[in-house]
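First comes the structure, then the notes that go with it.
The values are calculated or read from the model by the stated rules, or taken from the named source; none is laboratory data. These numbers come from a predicted model, not from an experiment. Cβ coordinates were reconstructed from backbone atoms using ideal geometry, including for glycine residues, and neighbour counts include every protein chain displayed.
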Amino acid sequence: MERFTGMSYAVELEEVSKIYDNGTHALRGINLRVKEGEFVGIVGPSGSGKSTLLHIAGGIDRPSEGRVKLLSMDITHMSEAQLTEFRKGKVAFVFQFYYLMEDFTVLENLTSLAEVLGLGDVKERALKVLEFLRLSHRLNHKPHQLSGGEQQRVAIGRALILEPRLLIADEPTGNLDLEEGKKIFSLFRSLNERGITFLVATHNQELIPFFSRVVKLKDGRLEGDTAGVGFEPTRDP
Ligand SMILES: Nc1ncnc2c1ncn2[C@@H]1O[C@H](COP(=O)(O)OP(=O)(O)OP(=O)(O)O)[C@@H](O)[C@H]1O
Ligand SMILES: [Mg+2]
């Protein structure tokens, strides 16, 4: 078996398998390395293991077999507490269903997580992130007063406020129309150009040109590892 090397990888999965408690074999012998600075897409049919792979890569679930390295740290046997501490400010997640706090405003949704994580007073940073996300006019709105695209951008803002090195996103545009999806992927691209590594699962074929590399999952196995188709996506004017 290949050994982990000293290169700068954001994620390294080595012979990773996942069998859930009910016996479902969700991943089988996955070997995947994501270099720092990459923008990697995970595609594959429903049930192929995309979410499972993302959760294991980010250390929010554990493999049944194999080893996981996150930002060059072997996290395979880390405790929950160690993992939370290690991920803090380095790894952020965006989920398909945004899990925004309904009683909090847009601004509070950004600042409260950072405060819980002990990152201090992040209001200034939150205002900058929200400006970047075209949400400055929505600071005091609550999630139910926002469009789907706006809510998705708040969820992305909540990840960005952590200033992560790695952003893991599971179907981040799953509930959006294609135009809004492209805007979000353009935003991801510009953040990627600023150095954030992305690992993103999507169903949407139209968004594939945005990735620098695409990996395909089928029945819990990696099918192919394709160099990016372009890396010059159609930009919004
Ligand atoms: N907590 C769980 N317990 C048991 N089985 C699970 C669990 N989560 C996922 N599975 C199963 O593992 C397999 C992979 O699921 P996963 O959610 O990773 O797929 P996916 O590619 O993300 O699918 P989708 O595109 O529908 O989101 C599926 O067969 C699923 O039913
Ligand atoms: Mg999924």
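Figures for the structure shown
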item	result
Options Ser72, Ser17, Ser51, Ser46; residue that is away from ligand 1 (no atom under 16 Å from the Cβ) and polar (S, T, N, Q)	Ser72
Qualifying residue in the stretch 75-82 (condition: free of Cβ contacts under 8 Å to residues at least 12 places away in the same chain, surrounded by fewer than 18 Cβ atoms within 10 Å (Cβ to Cβ) and within 16 Å of ligand 2 (Cβ to nearest atom))	no
Selection within the stretch 85-108 - polar (S, T, N, Q) and closer than 22 Å to Leu54 by Cβ	Gln96
Any hit, the stretch 28-37, residues being modelled with pLDDT of 95 or more, more than 21 Å from Ser64 (Cα to Cα) and not basic (Lys, Arg)	yes
Test set (1) closer than 20 Å to Phe185 by Cα; (2) without any contact (Cβ under 8 Å) to a residue 60 or more places away in the chain; (3) surrounded by fewer than 17 Cβ atoms within 10 Å (Cβ to Cβ) - Val129 fails condition number	(3)
Single residue of the stretch 145-190 satisfying the filter (outside any loop (DSSP other than H, G, I, E, B) and basic (Lys, Arg)) that is surrounded by the most Cβ atoms within 10 Å (Cβ to Cβ)	Arg153
